[in-house]
Structure formats: C-alpha cells, structure tokens
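Working notes, structure below.
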Amino acid sequence: MADCLFCGIAAKEIPARVAYEDEAVLAFHDINPQAPVHLQVIPKRHIARVSELTSETIGLMGKLVLTANRLAGELKIAEPGYRLVVNCNAGAGQSVYHLHLHLLGGRPMRWPPG
Ligand code: AMP
Ligand code: ZN
C-alpha cells in the first residue's frame, strides 16, 4: 500500500535489520527498541490493524505468532520469558497502521504494561 512504512520495509524500499523472511512474513528489529530484543513481525500483505483481520486472513496471525515463537527461541529469550504485543488504534499506542506483532524480551517485564 502506498505511504505505508511497513509495506515499504516489506518491499525493501526502506531499510531494516531483517531477522526472518518467508513468502508471507517479515521480521525485523525495531528502530527504537524498548527491550534488549525488540522485533516487529509483520505480514507482507497490508492489513491496517488487528481488528481488520477476517476469517480469510486470520491465518496470517498464526504465522506471525509461530514466527515470533521461533525467533524467541533462536534469540535465547524464551526463558525466562518474552512478550508479544499488538496495539490496536491510537488509544492503545498504535503508531504504524500495518499489522505488527511486537516481540519483546531480554529483560524483566512488568504488569500492567501502562
Ligand atoms: P506501534 O506503536 O504499536 O504501532 O509500533 C510501531 C513500532 O514500529 C514502534 O515500536 C516503532 O519504534 C517501530 N518503527 C517505526 N519505524 C520503524 C522503522 N523504520 N524500522 C523499524 N521499526 C520501526
Ligand atoms: Zn502496509
């Protein structure tokens, strides 16, 4: 989609530190990390927010989670634990309107997240 930052990263028009890629999914390091490990896991297909997933596209969410789980293992943050976050809309902190799963780890995580 034109003017979408993460579509630009998926298309390799905008540089990113890519950690994983397949035909449907891209994972890359966050430009402003909030933890020692902070990756974005995105579908290559443009979906603006998690609330726009449908019965046709919901499988993509599973691919994002499986990718994040695998990367958490590879990056040695599976133990003691990691956090997966999806912000939906501005009030929840969404700033990029292309579906993305935050993978955070490498430090203790507090709750509630704020
Ligand atoms: P959210 O606030 O949930 O929409 O998350 C958007 C995330 O994208 C933030 O953690 C940003 O730091 C990250 N981000 C923004 N621009 C870039 C970029 N060019 N490369 C990597 N991560 C980015
Ligand atoms: Zn997009």
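Values quoted throughout were computed directly from the atomic coordinates according to the rules given, and no laboratory measurement underlies them. In this text, all values refer to a predicted model and were calculated from it rather than measured experimentally. Cβ coordinates were reconstructed from backbone atoms using ideal geometry, including for glycine residues, and neighbour counts include every protein chain displayed.
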(request) Filter the range 88-100 down to residues that are within 16 Å of ligand 2 (Cβ to nearest atom) and out of contact with any Ser or Thr (no Cβ under 8 Å at 6 or more places or on another chain) and give me whichever is farthest from F6 (Cα to Cα). (result) Q94
(request) Report, ordered by the first and then the second residue, all pairs with beta carbons closer than 7 Å, sequence separation of six or more or different chains, a first member in the range 90-104 that is in contact (Cβ under 8 Å) with a residue 12 or more places away in the chain, and a second member that is part of a loop (DSSP other than H, G, I, E, B) and more than 14 Å from ligand 2 (Cβ to nearest atom). (result) Q94/N87; Q94/C88; L101/V86; L104/Q34; L104/A35
(message) Here are the criteria: (1) more than 9 Å from ligand 1 (Cβ to nearest atom); (2) exposed (fewer than 15 other Cβ atoms within 10 Å of the Cβ); (3) of a type in the set (S, T, Y). Tell me which single one Y82 does not satisfy.
(response) (2)
(request) Grab the strands (runs of 3 or more DSSP E) fully contained in the range 1-57, keeping just those with 3 or more residues being free of Cβ contacts under 8 Å to residues at least 60 places away in the same chain and within 15 Å of ligand 2 (Cβ to nearest atom). (result) 25-29
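Here is a yes/no grid of residues against (1) under 14 Å from L101 (Cα atoms); (2) crowded, with 18+ Cβ neighbours inside 10 Å:
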residue: A10; (1), (2): no, yes
residue: V25; (1), (2): yes, yes
residue: P33; (1), (2): yes, no
residue: P43; (1), (2): yes, yes
residue: A48; (1), (2): yes, no
(request) Take the range 5-18 and flag every residue that is within 11 Å of ligand 1 (Cβ to nearest atom) and among the hydrophobic types (A, V, I, L, M, F, W, C). (result) L5, F6, I9, I14, A16, V18
(message) I'm checking my understanding of the structure. Among residues of the range 65-80 that are out of contact with any helix residue (DSSP H, G or I) (no Cβ under 9 Å at 6 or more places or on another chain) and not in a helix (DSSP H, G or I), which one is nearest to ligand 2 (Cβ to nearest atom)?
(response) L75
